[in-house]
């Protein structure tokens, strides 16, 4: 695969054994071009800092595919709402939190509205039936607001290492398809 893949983690990072860490390794194994951006102070993130870091990285790396997990989805929504990013070929929105999230450490990211334009040719929203940060009803509302396809995982939790998502071949197949 010759596409440039950018992985964006959420609150607390996505270090091993998280699926994003596994995915970065899998993509690199076959000389794939992957960037796993580490945002600063990811346990106490600040929207303005993360936006600046992501904008700089998007300019340098120019990804074809972006894979967001958790809070990174909200960060992407903020950039889309500002409207000053380049379109990507594929965008994966994995386990976004509720747009009305009330977690104190994340307050600079909220509230946020679902963007009218996600700056991607293809978008897949990936949610779970029992994500503690996004109810099934909120997932359906988000899907409708974004106008995208959605894959719902049964009992996938927050689709992270804590819910058993280390190696995740399905996401690798989606990226390569």
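Numbers at a glance
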read-out	value
Computed over segment 114-177: relative contact order in percent, which uses C-alpha pairs under 8 Å that are six or more apart	36
Global geometry of segment 109-177, whether rounded, prolate or oblate, following the gyration tensor of its Cα atoms and the 1.5 cut on a/c	oblate
Simple spin-label estimate for residue 29 and residue 110 in nanometres, 7 Å along Cα-Cβ	3.7
Longest to shortest principal axis, alpha-carbon extents of segment 4-176, angstrom	40, 35, 31
Ranked 49, 148, criterion: other C-beta atoms within 10 Å, fewest first	49, 148
Choice from 27, 71, 91 with maximal GNM fluctuation in the chain (Cα, 10 Å cutoff)	27
Approximate spin-label separation residue 52-residue 130, in nm, with each point projected 7 Å along Cα-to-Cβ	4.2
Förster-model FRET efficiency, 25 Å R0, residue 173 and residue 121, C-beta, rounded to 0.05	0.85
Relative contact order of segment 4-176, pairs being alpha-carbon contacts under 8 Å that are 6 or more residues apart, as %	24
Residue exposure sequence - 92, 110, 36 - by fewest surrounding Cβ within 10 Å	110, 36, 92
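Each reported figure results from applying straightforward, stated rules to the coordinates on display, with no laboratory input. Just so you know, these numbers come straight off a predicted model, no measurement behind them. All Cβ positions, even for glycine, are placed from backbone atoms using ideal geometry, and neighbour counts span all protein chains on display.
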